[in-house]
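Inspection log for the structure reproduced underneath, given as structure tokens.
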Amino acid sequence: MNKYTGKFFHVVTYGCQMNVHESEKIRGILASLGMLETDEINDATVVVFNTCCIREGAEDKAYSNIAALKKWKAEDDSRVIVMCGCMPQQKEGKYDLKKKLPIVDIIIGTHNINLLGQYLTRLAEKKEKIYEILESPTESMDIGNCIRDDKINAYVNIIYGCNKFCTYCIVPYVRGREKSRPIDEIYKEVKDLVQNQGYKYITLLGQNVNSYGKDLTDKTTFSELLTHLCRIEGDFKIKFMTSHPMDFSDDLIKVMKNEPKVAKTLHLPVQSGSTAILKKMNRHYDIKQYMSIIKKVKRAIPNISLSTDIIVGFPGETDADYLKTLKLMKKVKYDQLFAFMYSKRKGTPAATFDNQVEDYIKTKRVNNLLRLQKIIQKDQLKKCFKKTYNCLIKHINGVAVGITDGGKEIYIPNYQFANQNYFANVKVEDIRNHKLSGVIDE
């Protein structure tokens, strides 16, 4: 029995789905040490902060929440604070953090989260703080015993890192270069999740899933990976994120159209509606190319659910550039939008650009953007009338509800159900108060 057996742990997560999944791996590591999870920090012996540095707000929140544990830490010397993820991985990150947060016992980056169990054991034995930031992974980051947050959707990493170097983005500096997992390894994990654990959605993760396989010896493409995974027997669907427009292929559209197990939803970040701003962002495509992809996807899959990311207030963004973004939104009509104000990230080229946009202008622009999106979403909802969607049937407050691939809820009144978590076609028959209702379409 080790020091941690029977003790409690608590994990705090900031950032994207990649971080969420890595926290699932962290929970698995801590459970393997004989620890139990608690929702209350005060009950925990080990608290792990899995951090994000993509935006300033996430960093500030992490600093504040860790510093708030000073009294908690002082009350019991056996308590352990771990800080991991993107913040420590930044250049000179661990040295700054050692000074700013001396109460932290273990500081590690993105490349050695899988070694957390070893670090905790070492800490218990030697009573010395541990600060280890690796330049690249030394072994597989994939840990078998995850404790997953969701019992319906399972995240699966297929590629780590990014080679794109968008001028606003810190990811290539803290996550490293693209490294794809072997196709057989991914296949085995997905098969187990579907056939042995009963997951209905598998979400493939990568900073750019479209780049999958470029670093592999056999050059397996992302489209080929999807096709291979669709051969797994079972009642499930595959989602993926995030796609980069630069690498989005016609083959991928064909697979999305022709494979029933590939969910009819697509997250395709545009970031700006201005080609001039896209060039400054180093996005490697223009608006004409982006719209060409959107048109092809809509033509091939009329019921596709589209979402995107948009950054407002990038250095040099003029009113004219911003209006082009609004124009693009009206053309595409996204079902869902994730809008952000540009956040200056130390170490990225954009942080040194001239013509930084003032905060009050960024705030005004993002608020106008979100107001427009609400109008668009209402219009998109109206277009669902008489359309049929393949949905995951669930029970919500005793009522059967069909969840579309894009996350819309279609209530199915008076439907007699004996079970849930299966896929069925649902036809929308009514729209009231921005709510959809329909019937099972046999």
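Please go through segment 90-113 and pick out each residue that is open to solvent by 20 Å² or more (accessible area, probe 1.4 Å), modelled with pLDDT of 90 or more and either in a helix (DSSP H, G or I) or not β-branched (Val, Ile, Thr) (or both).
Pro102
Considering each of Ile393, Ile412 in turn, give the residue that is surrounded by 12 or more Cβ atoms within 10 Å (Cβ to Cβ) and touching a Phe, Trp or Tyr at 6+ places or on another chain (Cβ under 6 Å).
Just a single option satisfies the conditions, and that option is Ile393.
For segment 183-239, which residues satisfy the criterion of being open to solvent by 30 Å² or more (accessible area, probe 1.4 Å) and either hydroxyl-bearing (Ser, Thr, Tyr) or under 13 Å from Leu252 (Cβ atoms) (or both)?
Hits for segment 183-239 are Tyr187, Thr217, Thr221, Glu224, Thr227.
Yes or no, residue by residue, for (1) assigned to a strand (DSSP E or B); (2) under 20 Å from Gly206 (Cα atoms):
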position	(1), (2)
Lys279	no, no
Tyr285	no, yes
Met291	no, no
Lys296	no, no
Leu306	yes, yes
Asp309	yes, yes
Phe314	no, no
Glu317	no, no
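Run Gly34 past the list (1) free of Cβ contacts under 8 Å to residues at least 60 places away in the same chain; (2) among the small types (Gly, Ala, Ser); (3) assigned to a helix (DSSP H, G or I) and report the number of the one that doesn't hold.
Just one mismatch for Gly34, condition (3).
Do any helices (runs of 4 or more DSSP H) entirely within segment 162-251 hold 3 or more residues that are under 30 Å from Lys394 (Cβ atoms), and if so, which? Reasoning before the result, please.
Details: elements: 171-175, 183-195, 222-229.
The helices (runs of 4 or more DSSP H) meeting that bar are 183-195, 222-229.
Which residue pairs have Cβ atoms under 8 Å apart, sit 6 or more places apart or on different chains, and have a first residue in segment 287-314 that is at pLDDT below 95 and a second that is open to solvent by 10 Å² or more (accessible area, probe 1.4 Å)?
From segment 287-314, the pairs are Asn303/Lys264; Asn303/Lys387; Asn303/Tyr389.
Could you tell me whether segment 412-422 includes any residue that is at positive phi and not in a strand (DSSP E or B)?
Scanning segment 412-422 turns up at least one residue that is at positive phi and not in a strand (DSSP E or B).
Among the residues of segment 225-238, are any in contact (Cβ under 8 Å) with a residue 60 or more places away in the chain and under 21 Å from Asp184 (Cβ atoms)? Explain how you work it out, then say what you get.
Just the residues of segment 225-238 that are in contact (Cβ under 8 Å) with a residue 60 or more places away in the chain, to begin with: 225, 235, 237.
Filter once more, keeping what is under 21 Å from Asp184 (Cβ atoms): 225.
Yes, there is a match, as at least one residue in segment 225-238 is in contact (Cβ under 8 Å) with a residue 60 or more places away in the chain and under 21 Å from Asp184 (Cβ atoms).
For residues in segment 244-286 being small (Gly, Ala, Ser) and out of contact with any helix residue (DSSP H, G or I) (no Cβ under 6 Å at 6 or more places or on another chain), which is surrounded by the most Cβ atoms within 10 Å (Cβ to Cβ)?
If we take residues in segment 244-286 being small (Gly, Ala, Ser) and out of contact with any helix residue (DSSP H, G or I) (no Cβ under 6 Å at 6 or more places or on another chain), then Ala263 is surrounded by the most Cβ atoms within 10 Å (Cβ to Cβ).
Within the bounds of segment 380-388, is there any residue that is in a strand (DSSP E or B), touching an Asp or Glu at 6+ places or on another chain (Cβ under 7 Å) and of a type in the set (Val, Ile, Thr)?
Within segment 380-388, one or more residues are in a strand (DSSP E or B), touching an Asp or Glu at 6+ places or on another chain (Cβ under 7 Å) and of a type in the set (Val, Ile, Thr).
Restricting attention to segment 334-379, which residues are farther than 25 Å from Val171 by Cα and free of Cβ contacts under 8 Å to residues at least 24 places away in the same chain?
Within segment 334-379, Tyr360, Lys364, Asn367, Arg371, Lys374, Ile375 meet the criteria.
Could you grab me the full set of residues in segment 415-442 that are open to solvent by 70 Å² or more (accessible area, probe 1.4 Å) and either touching a residue at least 60 places away in the same chain (Cβ under 8 Å) or closer than 16 Å to Ile152 by Cα (or both)?
Listed by number, the residues that qualify are Asn419, Gln420.
Scanning segment 341-350 for residues that are at pLDDT below 95 and not charged (D, E, K, R), which turns out surrounded by the fewest Cβ atoms within 10 Å (Cβ to Cβ)?
Gly347
Which residue out of Val82, Val20 is of a type in the set (Val, Ile, Thr) and not in a strand (DSSP E or B)?
Val20
Anything in segment 16-60 that is open to solvent by 30 Å² or more (accessible area, probe 1.4 Å), farther than 22 Å from Asn112 by Cβ and among the β-branched types (Val, Ile, Thr)? List them, or say none.
Ile41
The values are calculated or read from the model by the stated rules, or taken from the named source; none is laboratory data. Note that the structure is predicted; figures quoted are calculated from it, not measured. Here the Cβ is made from the backbone with ideal geometry for all residues, glycine too, and neighbour counts use every protein chain on show. Just the protein is used for accessible areas: all its heavy atoms, side chains included, with ligands, DNA and RNA removed. Shrake-Rupley method; radii C 1.70, N 1.55, O 1.52, S 1.80 Å.
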